[in-house]
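Trainee: Below is the structure I would like to discuss, written out as structure tokens.
Read-outs: derived from the displayed coordinates by stated rules, not from any lab. The shown structure was predicted, so the numbers you read here are calculated from the model rather than taken from an experiment. Neighbour counts are summed over all protein chains in view; Cβ atoms, including those assigned to glycine, are modelled from backbone coordinates with ideal geometry.
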There are 2 protein chains.
Amino acid sequence: MTDPELERVARHFKQLGEMMRLKILQAICKKPLTVSGIVEATGATQANVSKHLSLLAAAGIVTREKAGQRVYYGMKDPLTVKMCELVYTQLTKSG
Amino acid sequence: MTDPELERVARHFKQLGEMMRLKILQAICKKPLTVSGIVEATGATQANVSKHLSLLAAAGIVTREKAGQRVYYGMKDPLTVKMCELVYTQLTKSG
DNA sequence: TGATTGTATGACTATTTAGTTATATGTCAA
DNA sequence: TTGACATATAACTAAATAGTCATACAATCA
């Protein structure tokens, strides 16, 4: 890969390198949730969740769909969840 | 996953979320290289490469093997390279 | 031994960014 | 309209960390 390509891949991984964001992804991995739903699921503040969702959406990791005054966020690519599981089993395997 | 588990997964992804480290991984993904070999391959300074390698080793992403005064670093798990490729195709797919 | 080479590390700076607070924006109901 | 609710964002603080420079440590060779 060229440097710009590596840069993009790194930026993608960086988004997955924050526990709060993984928590958010875990909350929406089954089905899309509203921001307040995610707030409730994660226990984080609304502002913090909203900020993380903006980053995740900008990175193309989550989808965003307005429904009235609510906004539903969902997983864009099932591969992301798979990757988290892969890393998890990889970690538990090596102790 | 529990919070501590998510924390570990996040920490792992965070290591992959830096271009310089991806560059290093790309350099050693075929076969292990010495630190100076990686320095040459990446163009980074020796101190910087060494620091990143310490982090990667601590995260269990690379292997470390001394051979005389040289130290060979290699990929610990081929899955890591697969993941990078997955993200790359995922990104190029979505533009 | 001393000199040299390969690797690691401590101290420092600058940058990035997670989280908070307060507020703005947008949407619906009465 | 007004009021209530849902989401986004600006300003800020504090913490983490990439990169640099100098130097320490370790292993080899003359």
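Trainee: Please check: in the Gaussian network model of chain A (C-alpha springs, under 10 Å), which one of A:27, A:57, A:47 has the largest mean-square fluctuation.
Mentor: Residue with maximal mean-square fluctuation among A:27, A:57, A:47: A:47.
Trainee: Taking each residue in A:75-88, count the Cβ atoms of any other chain within 10 Å of its Cβ, then average. What number comes out?
Mentor: Average per residue, whole number: 4.
Trainee: Right, next: What residue among B:69, B:46, B:15 shows peak mean-square fluctuation when chain B is described by a Gaussian network model with Cα springs under 10 Å?
Mentor: Fluctuation is largest for B:69.
Trainee: Against the longest alpha carbon principal axis of chain A, how many degrees, from 0 to 90 and to the nearest 10, is the axis of helix A:19-28 turned?
Mentor: Here the helix axis deviates by roughly 60 degrees.
Trainee: Sticking with this one: Under a 10 Å cutoff between Cα atoms, tell me which one of A:35, A:71, A:49 has the largest fluctuation in the Gaussian network model of chain A.
Mentor: A:71
Trainee: With a bin width of 5 angstrom, please list the P(r) values of the range A:8-84 as percents of all Cα-Cα pairs, from the 0 bin to the one holding the largest distance.
Mentor: 3, 17, 32, 28, 14, 5, 1, 0
Trainee: Charges only on Cβ, +1 for Lys and Arg, -1 for Asp and Glu: so what's the dipole of chain B about the Cα centre, in debye to the nearest 20?
Mentor: The dipole magnitude comes to about 260 debye.
Trainee: Hey, got the dipole for the protein assembly as shown? About the Cα centre, +1 on K and R Cβ, -1 on D and E Cβ, debye to the nearest 20?
Mentor: That gives the protein assembly as shown a dipole magnitude of about 60 debye.
Trainee: Toward the positive end of the charge dipole of chain B, about the Cα centre and with charges on Cβ (Lys, Arg +1; Asp, Glu -1), which of B:36, B:15, B:73 goes farthest?
Mentor: B:36
Trainee: How many Å³ per residue does the convex hull of the Cα positions in the range B:1-45 occupy?
Mentor: In the range B:1-45, the Cα convex hull volume per residue is 87 Å³.
Trainee: Please compare each pair in A:30/B:76; A:31/A:93; A:23/A:66; A:23/B:30; A:23/B:23; B:30/B:66 to a cut-off of 26 Å on the Cα-Cα distance and tell me which ones are over it.
Mentor: The pairs that break the limit, which is 26 Å between Cα atoms, are A:30/B:76; A:31/A:93; A:23/B:30; A:23/B:23.
Trainee: Which order do A:76, B:31, B:23 fall in if you start with the one that has the fewest other Cβ atoms within 10 Å?
Mentor: Taking fewest neighbouring Cβ atoms as first place, the list is B:31, A:76, B:23.
Trainee: How far apart, in nanometres, would the label points at residue A:11 and residue B:36 be if each is projected 7 angstrom from Cα along the Cα-to-Cβ direction?
Mentor: 3.7
Trainee: Could I ask something else about it? Counting pairwise Cα distances across the protein assembly as shown, what percent come out greater than 24 angstrom?
Mentor: Roughly 42 percent, rounded to a whole number.
Trainee: Compute the relative contact order of chain A as a whole-number percentage, counting only Cα pairs closer than 8 Å that sit 6 or more residues apart in sequence.
Mentor: It rounds to 26 percent for chain A.
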